[in-house]
1. Give a residue-ordered list of calculated ³J(HN,Hα) values for the stretch 37-45 (Karplus: 6.51 cos²θ - 1.76 cosθ + 1.60, θ = phi - 60°; whole Hz; x for Gly, Pro).
2. How far apart, in nm, are two points set 7 Å out from the Cα along the Cα-to-Cβ line at residue 51 and at residue 34?
3. Less than 10 Å Cβ to Cβ from residue 119, Lys/Arg counted +1 and Asp/Glu -1: what total charge do the surrounding residues give?
4. Using a 7 Å offset from the Cα along the Cα-to-Cβ direction at both residue 44 and residue 116, what is the distance between the two label points in nm, to one decimal?
5. Could you name the aspartates and glutamates whose alpha carbon sits less than 15 Å from that of residue 64, not counting residues in the same chain fewer than 8 places away?
6. Pull out the extension gain between residue 103 and residue 127, defined as 0.36 nm times the separation in residues minus the alpha carbon to alpha carbon distance; nm, one decimal.
7. Could you size up the charge dipole of the stretch 18-108 around its Cα centre, putting +1 on the beta carbon of Lys and Arg and -1 on that of Asp and Glu, and report it in debye to the nearest 20?
Amino acid sequence: MASNTFAFLFSILSFLSFFTKTYVQAREYSVGDNGRWDQGVNYLTWSQKYNFTVGDVLVFIYVKGQHNVYQVTEETYRSCNSSSGVKAIHDSGNDRVTLTEATQYWFICDTKGHCKGGMRFGIIVENSTVAKMPSAPSPDDFMPPAPAGNGAGRGRSWWVLGVLFGLFLVA
Ligand SMILES: *[C@@H]1O[C@H](CO)[C@@H](O)[C@H](O)[C@H]1NC(C)=O
Ligand SMILES: *[C@@H]1O[C@H](CO)[C@@H](O)[C@H](O)[C@H]1NC(C)=O
Ligand SMILES: *[C@@H]1O[C@H](CO)[C@@H](O)[C@H](O)[C@H]1NC(C)=O
Ligand SMILES: [Cu+2]
């Protein structure tokens, strides 16, 4: 009896550990490292220090009203002219931007002169190498996993494994 209980607890702990390692990979990056989105920081240097992954979060901290965060196109990043090419605007002073896509992201501060002055950077966000938590299961998710070695199928097969393991626990 006691050993069954232990086995059960062990299963749950293993699952939690597996789940955490597999899915909870997102990191938070305070833009500028010293916790300030401000003038006088070289954000190009900062942006090159890390490899960003889908699901990571950029945190911009600054005095509300002094700065802002515009997510823009590469063209607008280069011109610093925000009359076009703006994808999103944040201005709370404590902005959390989740990197949801494997693509390039470009950010500028649109306060007059700040973008040209260095408050701008671009990053390349890559797909996570481990499985992502699927947002909504679709019938497609129950298809057999793709052959090993094809990275595209991995997220799906991990997910199916998780479900099977969950069913095993419930049974
Ligand atoms: C980023 O990725 C490159 C190439 O995969 C690697 O050489 C480098 O060490 C990584 N940098 C960090 C900070 O993880
Ligand atoms: C920004 O671009 C718009 C339209 O492309 C243009 O009318 C405007 O003069 C530009 N502003 C500056 C400061 O160059
Ligand atoms: C990243 O993964 C998504 C979904 O798995 C896929 O549709 C997309 O093409 C991938 N992007 C890159 C740049 O590998
Ligand atoms: Cu600014």
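Computed from the coordinates by the stated procedures, all read-outs in this text should not be read as laboratory data. Remember, it's a predicted structure, so these values are computed and weren't measured experimentally. With ideal geometry, Cβ positions are generated from the backbone for all residues, glycine too; neighbour counts draw on all protein chains shown.
1. Running phi through 6.51 cos²θ - 1.76 cosθ + 1.60 with θ = phi - 60° gives 9, 8, 6, x, 10, 8, 6, 5, 4 Hz.
2. The answer from the label model is 2.9 nm.
3. 0
4. Using points 7 Å along Cα→Cβ, the separation is 1.6 nm.
5. Correct list for residue 64: 38, 91, 95, 110.
6. Length gained, residue 103 through residue 127: 7.8 nm.
7. Charge dipole of the stretch 18-108: 160 debye, to the nearest 20.
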